[in-house]
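Peer 1: Mind having a look at this structure? Questions to follow.
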Amino acid sequence: MVELELRDVTKVYDDGEALSRINLQVHTGEIVSLLGPSGCGKSTLLRIIAGLDREYTGSVLLNGQAITGPTPEVGVVFQEPRLFPWLNVGRNIGFGLKKPDSARVAALAKEVGLEGYLKSLPRQLSGGMAQRCAIARALVTQPRVLLMDEPFSALDAFTRMRLQEVTLNVWRQVGATVVLVTHDVDEALYLSDRIVIITERPGKVKAEVRVDLPRPRERGLAVMHQLKVEIMERLQFGTGPKP
Ligand code: ADP
Ligand code: MG
């Protein structure tokens, strides 16, 4: 089933087009990565999907309904955790709830490995813990779609791998559809069912690569390396679809 559909999404800033006729369908439960050079419009696209930017042409449909603004059905995780510094972990996680639900907050904290830190303040957390808190916060409303904009790129390699596991765990438990922006090809290959390669600005869909590998995946499999070579070619040197 198509959960999320972008039709001819085009975005123009004062200095010209940033996204040009993006068409994309994401199926329920799928993890799709958007991969492309810096400045190609990935964050712009995610903000549009999140309902945070309405100045574009084309359409964004969630289950066939136009997204016209931020909705509890779409959760977002940014590169920086963006936690409220004056609220403890529990309150940060529960922020999006209409009425307090300590059981749900506790369950999510457990899901991301923060069960012992509900009363801690953001400044007491490491970067990885803060980002785990941000993931739990994005999931609190039980969104159908989780958008992640380079969520791990500010973290060291080990923490990044741990958070990739956390992401797969919550994806499995929650059953959300995930759209992940990354510039890390290995991360995209490890996490996604499909990788959408975006061209340099103005961003267009250049190619799609399906990653048909069972999970849990082993890192660094030969078949992943082949896919990586193919993706790198398309990112940097590719001139179009392969014959
Ligand atoms: P990415 O996330 O792929 O690095 P962005 O979506 O952040 O790319 O930006 C795409 C392009 O649009 C870049 O050239 C950037 O400088 C420009 N841009 C981003 N936000 C704005 C804005 N609010 N106003 C004008 N230009 C912007
Ligand atoms: Mg960006």
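The values are calculated or read from the model by the stated rules, or taken from the named source; none is laboratory data. Here the structure is a predicted model, which means the values were calculated and not measured. Quick reminder, even Gly has a Cβ in these numbers, built from the backbone with ideal geometry, and neighbours come from all protein chains shown. Each accessible area value is taken on the protein alone, full model and side chains, heavy atoms only, with ligands, DNA and RNA left out. Shrake-Rupley method; radii C 1.70, N 1.55, O 1.52, S 1.80 Å.
Peer 1: Treat every Asp and Glu Cβ in the chain as -1 and every Lys and Arg Cβ as +1, leave all other atoms uncharged, and give the resulting dipole magnitude about the Cα centre to the nearest 20 debye.
Peer 2: Value, rounded to 20: 620 debye.
Peer 1: Also: In square angstrom, rounded to the nearest 10, how much accessible surface does LEU62 have for a 1.4 Å probe?
Peer 2: The value for LEU62 is about 10 Å².
Peer 1: Suppose every K and R has +1 on its Cβ and every D and E has -1 on its Cβ; what is the size of the dipole of the stretch 84-142 about the Cα centre, in Debye to the nearest 20?
Peer 2: Computed about the Cα centre, the dipole is about 160 debye.
Peer 1: Show that you can apply the helix-only estimate: for the chain, add -39,500 (n - 2.57) for every DSSP H stretch of four or more residues, divide by all residues, and state [θ] at 222 nm to the nearest 500. Please report the intermediate quantities before stating the final value.
Peer 2: Working: 7 runs with 72 residues, N = 243.
Using -39500 (n - 2.57) per qualifying helix, the result is -9000 deg cm²/dmol.
Peer 1: Same structure, new question: So in the chain, what percent of DSSP beta bridges are antiparallel if you round to the nearest 5?
Peer 2: Once the DSSP bridges in the chain are tallied, antiparallel ones form about 50 percent.
Peer 1: How many nm is it between the label spots at ALA66 and VAL2, if each spot is 7 Å from the Cα in line with the beta carbon?
Peer 2: About 1.6 nm, to one decimal.
Peer 1: From the Cα gyration tensor of the stretch 153-203, with a ≥ b ≥ c the square roots of its eigenvalues, which class applies: rounded if a/c is under 1.5, or else prolate if a/b is larger than b/c, or else oblate?
Peer 2: Values: a/c = 2.43, a/b = 1.34, b/c = 1.81.
The shape class here is oblate.
Peer 1: Calculate the translational D of the chain in whole µm² s⁻¹ from Stokes-Einstein, where the hydrodynamic radius comes from the Kirkwood formula applied to all Cα pairs, the temperature is 20 °C and the viscosity 1.002 mPa s.
Peer 2: So the translational diffusion coefficient is about 116 µm²/s.
Peer 1: Order the following by accessible area, largest value first: GLU233, GLU150. Probe radius 1.4 Å; ligands, DNA and RNA are ignored. Write down the numbers at each step before the final one.
Peer 2: Numbers: GLU233 85, GLU150 30 Å².
So, going from the largest accessible area down, we get GLU233, GLU150.
Peer 1: Using label points projected 7 Å from each Cα along Cα→Cβ, tell me how many nm separate ALA103 and SER38, to one decimal.
Peer 2: The two pseudo-label positions are separated by 4.7 nm.
Peer 1: Then there's this: As a test of the definition: which semi-axes, in Å, follow for the stretch 1-64 when you take the square root of five times each eigenvalue of its alpha carbon gyration tensor? Largest first, please.
Peer 2: Semi-axes (√(5λ), whole Å): 20, 13, 9.
Peer 1: On to the next question. Two decimals, Cα atoms only, Kirkwood Rh: what is Rg/Rh over the stretch 143-243? Show your work: numbers first, answer last.
Peer 2: Numbers: Rg = 14.0 Å, Rh = 14.6 Å.
Checking Rg against Rh, the ratio lands at 0.96.
Peer 1: Counting just the Cα atoms, what span does the stretch 84-142 cover along each of its three principal axes? Round to the nearest Å and put the largest first.
Peer 2: Projected onto the principal axes, the Cα atoms of the stretch 84-142 cover 27, 22, 17 Å.
Peer 1: In the chain, if the dipole is taken from +1 on Lys/Arg beta carbons and -1 on Asp/Glu beta carbons about the Cα centre, which of ASN63, VAL205, LEU6 is farthest to the positive end?
Peer 2: Working it through, the farthest residue towards the positive pole turns out to be ASN63.
Peer 1: Ranked highest first by the average count of other Cβ atoms within 10 Å around their residues, in what order do 206-216, 121-131 fall?
Peer 2: On the way: 206-216: 13.5, 121-131: 17.2.
The densest-packed peptide leads the list: 121-131, 206-216.
Peer 1: A further question follows. Which value, in debye to the nearest 20, describes the size of the charge dipole of the stretch 1-113 about its Cα centre when Lys and Arg Cβ atoms bear +1, Asp and Glu Cβ atoms bear -1, and nothing else is charged?
Peer 2: Around 460 debye, computed over the stretch 1-113.
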